[in-house]
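Engineer: To start, I am sharing the structure in question, which I have written as structure tokens.
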Amino acid sequence: MPDTLDPHVRFGSNSGQPVTRRDGLAKVTGTATFAADNTPDNMLYAVFVPAAIARGRVTGLDTEAAAAHPGVTHVLTPQNRPPLQGDPSDKPTMFSFRFEALQDDSVRYAGQPIALVVAETLEAANEGARLLNPKYERLTPRTDIDDAEPYAFEAAGFGLPANTVHGNPEAGHASAAQAIDVTYETAPQYHNAMETHAVVAKWEGDHLTLDMPSQAISMSCAGFAYYFGIPAENVTVRSPYLGGGFGSKAIPTGPYVLAILAARMTGRPVKMMLTRQQMFGPVGHRGQTRQRLRLGADDTGRLTVIDHEGIAATSTFDDFVEPAANASQGIYAAGALRSTHRAVKLDIGTPGPMRAPGEASGSAVLECALDELAEKLGLDPLELRLKNYAETEPGTGKPYSSKALRECYAQGAERFGWNSRPRAPGQMRDEDGLLVGWGMGTAFFPCPMFMAEANATLRADSTAVVETSAVDMGQGAWTALAQIAADSLGLPLDKVDFQAGRSGLPDGGVAGGSGHTATAGGALHAAGGDVIRQLGEIAAADPDSPLYGAGNAGFVARDGRLYVAGDESRSEAYTDILARSGGAEIAGNGSASRAPETAEQHAMNAHGAVFAEVKIDPDLCQMRVTRLVGAFAAGRIINPRLAESQLFGGMIWGISFALHEEARHDHKRGHIVNADLAGYHVPVNADVSGLDVITVHEEDPYVNALGIKGVGEIGITGTVGAIGNAIWHATGKRVRRFPIRIEDLLTS
Amino acid sequence: MSPSISLTINGEARAVALDDPRVTLLDLLRERLDLPGTKKGCDRGQCGACTVLVDGRRVNSCLTLAATLDGAEITTIEGLALGEELHPVQAAFIENDAFQCGYCTPGQIMSAVGLISEGSAGDDPERIREGMSGNICRCAAYHGITIAVQEATRNMIRTDKEDAA
């Protein structure tokens, strides 16, 4: 890898180093302050009452009993709730969902807030909420994906096309020598970050201060400002640490608005922390899908068509649809590609983006369907993928900005030992008699960029402060972004004061879409570059500087010195340059986004290959993932230690998708029966062993200034299919729904 | 008049007035004693985020009524380091990137300290994984957690031997 990218930046001084987390000390000593850790003086506690029914209306609440409970100060219902200035059904920002804030007595899903109790203590608020004892008029709930007719629509996810066709799918079907037509289902999943949604809201006049976890600080300010009728700059959001986000903490939600309203009404700070059970409803989830995949191939295994139809559940009052079928675009060189989506409106909370929205559910099914096709063709699953390797983006013919997928396949397969895999299922047993199966899948994730801005100020003593409202939800922004900022300024990491995680800073954009490091990092990189450019101009114009007159050659910034590019014998310390110029600070700013024309010229994706081994008890059908090897090419890796953790985390989310996670509705009553961490299974430590991550070297001169593709979500893709395929390989049984359960193997 | 209990919290003996008999140890620490390092993840003993040591044993503080703890010795994440010197488990968590968001981390670390003192897992990764499975990490930093607990266990055994020698 070249050690210079922009003339003044020498990568490797800080970026590329596996430094430990800069917030590590705070997190292991309990001093990292999460939202609900704040307890300002004179604070009240708010607890909302969740609807126990999924459809109908609230006909009675025992507000007298609740209000009479010692410590309870206020009970809010639709009858007495003070007005909001913005309608909860409006969408003031890109990340807005319609929500319930006691605007009427209707119930649209189980778990919806139907009242709010405010009290001097949490215990009193909880008891007050219990005493409300709601009465309902119930209508028959529709929570099964077959309970309503699928309908066509225009946009899936956040404005993604609902229908995409390249080539002639009908001709692709007609010309296929071998075809499969399979339908899979994926379960509703709930983010369940370990930190439940929480807010401490405080009003001072018409200024609002919110301690709350937010993946999108600027947009949160704008959203809350809208609902409360104040300018966005009157909203302060402090979000230094998020206890996980996974997509659920980017959006203003109803419970937050109610807590803020309670603070305004009472004139006192109000804390609200959702219970774990309350996380299943008003704060988003990954929508259930049913996906039909029809694949055609010629005799040699070349795909003539990938025809992917998705049906996804959404709510009755909003329109987010899991864009699962789009996962079939852009990855395999099929003669024709078609992705279509339809939605089903159910009495559920509105789904939203959850780690790899669309890609996780879609690639799970695509990778299993390919495995079924490989079986039919008598091909090794990896061979089938290589036969259909896309050298340019299928459909559009655009070149990839970079694509080291072939290397991912090769390195992953070698590390795993894939070549010794018997083709037929049910051939392998371990020394304990367990069935052993091996499966693989291709990992794939786009490289979006959003908008971000940053400031950098170099001080006379050769330290710097950099600012952007970036957020760390565990992905490591406090560390990786600071590494980028330090490199952009040519300073060691410990000389840079990195300010982020709150409003009032330049807009750091959104922590999501695996694009935060590239976007906020790009802005920091530009801001540092602006400072160094100014510093170079000062030095080049100063007859007393060894750099005098060298402006045309350009400078390299490193360890607090400017060097003449190509002539390292000429250099000068920042402190000397600044001292002679009067010791003033130098302030720079920068921004980052992707120009539309750049996006038009190249297809930009991260890629990977995941290989899984499962072991299955032949009598009990208990399944365990015993080995998981992921090889990923994701452009420049800023911090290998943190990137590996992200990829491990994504792969474990893949295990979770394949074998654990499922919210189960009681379709008769409409509520989720396993709405807690005992019933809603996610992997624990004992579920995870034998993980191995390879990051494959990849340079990308087009994707963004830093060559970063992002690693936050790709780990899930590929992994789910690899595990499903390994289970088939162990048992010979195809289970076409996720999560795969013991009873699926016992009965199929 | 509210009843009072005596607790030793992170080495400090305190008389704690209980304003409400319903208060759990978790909410006592977080909401009343300004010790919010211990985290609430589920409030019903399903996730382990609230793990603290009570008389040296790891417990879910969300399932423990404060009123039952008169005379108990409590250690929370805030009391684990010796001044500037991190506990070996804390140091190993940083070194092995055994966390991402950090929210479950206080519970993971207290649980690891408890597990190591129980002495049943040693540095066997399989037993560590089992012994740490009461602590959910949604970021799924399990790979690093297991290695960190192994490493800390070895370091603590080594230190004990050196102290004994």
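Engineer: Would segment B:137-155 turn up any residue that is under 17 Å from residue B:46 (Cα atoms) and of a type in the set (Gly, Ala, Ser)?
Structural biologist: Yes; the residues of segment B:137-155 include at least one that is under 17 Å from residue B:46 (Cα atoms) and of a type in the set (Gly, Ala, Ser).
Engineer: Same structure, new question: Please go through segment A:410-437 and give me each residue that is crowded, with 23+ Cβ neighbours inside 10 Å and hydrophobic (A, V, I, L, M, F, W, C), ordered by number. Quick ask: steps written out before the conclusion?
Structural biologist: Step one: list which residues in segment A:410-437 are crowded, with 23+ Cβ neighbours inside 10 Å, which gives A:412, A:416, A:435, A:437.
Passing the criteria: A:416, A:435.
Engineer: Residue B:59 fails exactly one of the following numbered conditions: (1) closer than 24 Å to residue B:3 by Cα; (2) within 12 Å of chain A (Cβ to nearest Cβ); (3) under 10 Å from the mean Cα position of the chain (by Cα). What is the number of that condition?
Structural biologist: Of the numbered conditions (1) closer than 24 Å to residue B:3 by Cα; (2) within 12 Å of chain A (Cβ to nearest Cβ); (3) under 10 Å from the mean Cα position of the chain (by Cα), the odd one out for residue B:59 is (2).
Engineer: Can you list the strands (runs of 3 or more DSSP E) lying wholly within segment A:265-319 that have 3 or more residues being within 14 Å of another protein chain (Cβ to nearest Cβ) and either free of Cβ contacts under 8 Å to residues at least 12 places away in the same chain or surrounded by 24 or more Cβ atoms within 10 Å (Cβ to Cβ) (or both)?
Structural biologist: On the way: elements: A:270-273, A:289-297, A:303-315.
Passing ranges, in order: A:270-273.
Engineer: Hey, among the residues in segment A:95-142 that are assigned to a helix (DSSP H, G or I) and of a type in the set (Asp, Glu), which one's farthest from residue A:670 (Cα to Cα)? Step through it out loud before you land on a result.
Structural biologist: Kept after step one, since they are assigned to a helix (DSSP H, G or I), are these residues of segment A:95-142: A:122-131.
Next, only the ones that are of a type in the set (Asp, Glu) stay: A:123, A:127.
Values: A:123: 29, A:127: 25 Å.
Among those residues, the one meeting the criterion is A:123.
Engineer: Still on this structure, I have one more. Go over the candidates B:74, B:9, B:94 one by one and state the one that is at pLDDT 95 or above, in the same structural domain as residue B:114 (by TED's automatic domain parsing) and among the β-branched types (Val, Ile, Thr). Full working, then the answer.
Structural biologist: Numbers: B:74 fails: in the same structural domain as residue B:114 (by TED's automatic domain parsing); B:9 fails: in the same structural domain as residue B:114 (by TED's automatic domain parsing).
Exactly one residue qualifies, and that residue is B:94.
Engineer: Right, another one. Go through segment A:37-50 and give me each residue that's at the interface with chain B (Cβ under 7 Å from one of its Cβ atoms) and buried (at least 17 other Cβ atoms within 10 Å of the Cβ).
Structural biologist: Quick first cut of segment A:37-50, residues at the interface with chain B (Cβ under 7 Å from one of its Cβ atoms) only: A:37, A:39.
Across segment A:37-50, the qualifying residue is only A:37.
Engineer: Here's a follow-up. When segment B:88-109 is examined, which residues are found to be free of Cβ contacts under 8 Å to residues at least 60 places away in the same chain and more than 7 Å from every other protein chain (Cβ to nearest Cβ)?
Structural biologist: Hits for segment B:88-109 are B:96, B:98.
Engineer: Going by the conditions given, is residue A:59 in a loop (DSSP other than H, G, I, E, B) and either at pLDDT 95 or above or of a type in the set (Asp, Glu) (or both)?
Structural biologist: Values: in a loop (DSSP other than H, G, I, E, B): no; either at pLDDT 95 or above or of a type in the set (Asp, Glu) (or both): yes.
When the stated conditions are applied, residue A:59 does not pass them.
Engineer: Now, a different point. State whether one or more residues within segment B:65-76 are small (Gly, Ala, Ser), at the interface with chain A (Cβ under 10 Å from one of its Cβ atoms) and either surrounded by 18 or more Cβ atoms within 10 Å (Cβ to Cβ) or touching a residue at least 60 places away in the same chain (Cβ under 8 Å) (or both).
Structural biologist: Of the residues in segment B:65-76, the ones small (Gly, Ala, Ser) are B:66-67, B:71-72.
After this cut, where a residue has to be at the interface with chain A (Cβ under 10 Å from one of its Cβ atoms) as well, the list is none.
No, segment B:65-76 has no match at all.
Engineer: On to the next question. Could you list all residues from segment A:214-232 that are hydroxyl-bearing (Ser, Thr, Tyr), more than 14 Å from every other protein chain (Cβ to nearest Cβ) and within 14 Å of residue A:503 (Cα to Cα)? Spell out how you get there, then give the answer.
Structural biologist: Within segment A:214-232, the first condition is being hydroxyl-bearing (Ser, Thr, Tyr), and the residues that meet it are A:214, A:218, A:220, A:226-227.
Narrowing the set further to residues that are more than 14 Å from every other protein chain (Cβ to nearest Cβ) leaves A:218, A:220, A:226-227.
Result: A:218, A:220.
Engineer: Within segment A:169-219, count every residue that is closer than 30 Å to residue A:292 by Cα and not aromatic (Phe, Trp, Tyr).
Structural biologist: So in segment A:169-219, the residues closer than 30 Å to residue A:292 by Cα come out as A:169-192.
Pick out the ones that are also not aromatic (Phe, Trp, Tyr) and you get A:169-183, A:185-189, A:191-192.
So the count comes out to 22.
Engineer: Moving to a separate point now. Go over the candidates A:632, A:657 one by one and state the one that is of a type in the set (Phe, Trp, Tyr), assigned to a strand (DSSP E or B) and modelled with pLDDT of 95 or more. Walk me through how you get there before you give the answer.
Structural biologist: Details: A:657 fails: assigned to a strand (DSSP E or B).
One residue alone meets the criteria, A:632.
Engineer: Of the residues A:696, A:673, which single one is touching a Phe, Trp or Tyr at 6+ places or on another chain (Cβ under 7 Å), surrounded by fewer than 24 Cβ atoms within 10 Å (Cβ to Cβ) and more than 14 Å from chain B (Cβ to nearest Cβ)?
Structural biologist: Selected residue: A:696, the only one of A:696, A:673 that is touching a Phe, Trp or Tyr at 6+ places or on another chain (Cβ under 7 Å), surrounded by fewer than 24 Cβ atoms within 10 Å (Cβ to Cβ) and more than 14 Å from chain B (Cβ to nearest Cβ).
Engineer: Follow-up. Do we have any residue at all in segment A:233-248 that's more than 14 Å from chain B (Cβ to nearest Cβ) and among the small types (Gly, Ala, Ser)? Write out each step before concluding.
Structural biologist: Quick first cut of segment A:233-248, residues more than 14 Å from chain B (Cβ to nearest Cβ) only: A:233-238.
From the residues that got through so far, the ones that are among the small types (Gly, Ala, Ser) too are none.
No, that holds for no residue.
Engineer: Taking segment A:524-558 as the region of interest, how many residues are under 27 Å from residue A:710 (Cα atoms) and either surrounded by fewer than 24 Cβ atoms within 10 Å (Cβ to Cβ) or touching a Pro at 6+ places or on another chain (Cβ under 7 Å) (or both)?
Structural biologist: Here is the first cut: in segment A:524-558, the residues under 27 Å from residue A:710 (Cα atoms) are A:524-532, A:556-558.
Those left that are additionally either surrounded by fewer than 24 Cβ atoms within 10 Å (Cβ to Cβ) or touching a Pro at 6+ places or on another chain (Cβ under 7 Å) (or both): A:526, A:529-530, A:556, A:558.
Count: 5.
Engineer: Go through segment A:708-736 and count every residue that is part of a loop (DSSP other than H, G, I, E, B) and either within 14 Å of another protein chain (Cβ to nearest Cβ) or modelled with pLDDT under 95 (or both). It would help to see each step written out before you state the result.
Structural biologist: We begin by selecting, within segment A:708-736, every residue part of a loop (DSSP other than H, G, I, E, B); these are A:709-718, A:732-736.
Pick out the ones that are also either within 14 Å of another protein chain (Cβ to nearest Cβ) or modelled with pLDDT under 95 (or both) and you get A:711-713, A:715-716.
The total comes to 5.
Engineer: Report the residue count in segment A:513-568 for those that are of a type outside the set (Phe, Trp, Tyr) and in a strand (DSSP E or B). Can you show your working first?
Structural biologist: First, the residues of segment A:513-568 that are of a type outside the set (Phe, Trp, Tyr): A:513-547, A:549-554, A:556-562, A:564-568.
Subsequent filtering for residues that are in a strand (DSSP E or B) retains A:556-558, A:561-562, A:564, A:567-568.
Of the residues in that region, 8 qualify.
Engineer: Limited to segment B:89-118, what total is found for residues that are under 26 Å from residue A:213 (Cβ atoms) and surrounded by fewer than 24 Cβ atoms within 10 Å (Cβ to Cβ)?
Structural biologist: 2
Engineer: Quick check on segment B:28-46. Is at least one of its residues without any contact (Cβ under 8 Å) to a residue 12 or more places away in the chain and part of a helix (DSSP H, G or I)?
Structural biologist: Within segment B:28-46, one or more residues are without any contact (Cβ under 8 Å) to a residue 12 or more places away in the chain and part of a helix (DSSP H, G or I).
Engineer: Could you identify the single residue in A:231, A:240 that is over 17 Å from the mean Cα position of the chain (by Cα) and within 17 Å of residue A:34 (Cβ to Cβ)?
Structural biologist: None of the others qualify; the one that does is A:240.
Engineer: So, one more: Within segment A:615-643, how many residues turn out to be crowded, with 24+ Cβ neighbours inside 10 Å and acidic (Asp, Glu)?
Structural biologist: Result for segment A:615-643: 0.
Engineer: Do we have any residue at all in segment A:438-446 that's assigned to a loop (DSSP other than H, G, I, E, B) and either within 14 Å of chain B (Cβ to nearest Cβ) or closer than 21 Å to residue A:655 by Cα (or both)?
Structural biologist: No, because not a single residue in segment A:438-446 is assigned to a loop (DSSP other than H, G, I, E, B) and either within 14 Å of chain B (Cβ to nearest Cβ) or closer than 21 Å to residue A:655 by Cα (or both).
Engineer: Still on this structure: Which residue, of A:504, A:490, is over 24 Å from residue A:595 (Cβ atoms) and touching a strand residue (DSSP E or B) at 6+ places or on another chain (Cβ under 6 Å)?
Structural biologist: Values: A:504 fails: touching a strand residue (DSSP E or B) at 6+ places or on another chain (Cβ under 6 Å).
Among A:504, A:490, only A:490 is over 24 Å from residue A:595 (Cβ atoms) and touching a strand residue (DSSP E or B) at 6+ places or on another chain (Cβ under 6 Å).
Engineer: From the residues in segment A:565-608 that are under 27 Å from the mean Cα position of the chain (by Cα) and at pLDDT below 90, which one is surrounded by the most Cβ atoms within 10 Å (Cβ to Cβ)? Can you show your working first?
Structural biologist: Start the filter on segment A:565-608 by keeping residues that are under 27 Å from the mean Cα position of the chain (by Cα), which leaves A:590-608.
Those still in the list that are at pLDDT below 90 too: A:595-599.
Numbers: A:595: 9, A:596: 7, A:597: 7, A:598: 15, A:599: 17.
Checked segment A:565-608; the qualifying residue surrounded by the most Cβ atoms within 10 Å (Cβ to Cβ) is A:599.
Engineer: Of all the residues that make up segment B:119-165, how many are surrounded by fewer than 22 Cβ atoms within 10 Å (Cβ to Cβ), facing chain A (nearest Cβ under 8 Å) and on the phi > 0 side of the Ramachandran plot?
Structural biologist: The total comes to 0.
Engineer: Please specify each residue of segment A:370-393 satisfying the condition of being under 15 Å from residue A:337 (Cβ atoms) and in contact with a Ser or Thr (Cβ under 9 Å, 6 or more places away or on another chain).
Structural biologist: Of everything in segment A:370-393, just one residue is under 15 Å from residue A:337 (Cβ atoms) and in contact with a Ser or Thr (Cβ under 9 Å, 6 or more places away or on another chain), namely A:370.
Engineer: Being touching a helix residue (DSSP H, G or I) at 6+ places or on another chain (Cβ under 7 Å), touching a residue at least 24 places away in the same chain (Cβ under 8 Å) and either within 19 Å of residue A:278 (Cα to Cα) or not hydrophobic (A, V, I, L, M, F, W, C) (or both) is the filter here, so list the residues in segment A:660-701 that pass it.
Structural biologist: Within segment A:660-701, the first condition is being touching a helix residue (DSSP H, G or I) at 6+ places or on another chain (Cβ under 7 Å), and the residues that meet it are A:675-676, A:682-683, A:685-689, A:691-696.
Those left that are additionally touching a residue at least 24 places away in the same chain (Cβ under 8 Å): A:675-676, A:682-683, A:687-689, A:691-696.
Within segment A:660-701, A:675, A:676, A:682, A:683, A:687, A:689, A:692, A:695 meet the criteria.
The values are calculated or read from the model by the stated rules, or taken from the named source; none is laboratory data. If you're wondering where the values come from, they're calculated on a predicted model, not measured in any experiment. Backbone-built Cβ (ideal geometry, glycine too); neighbour counts: all protein chains shown.
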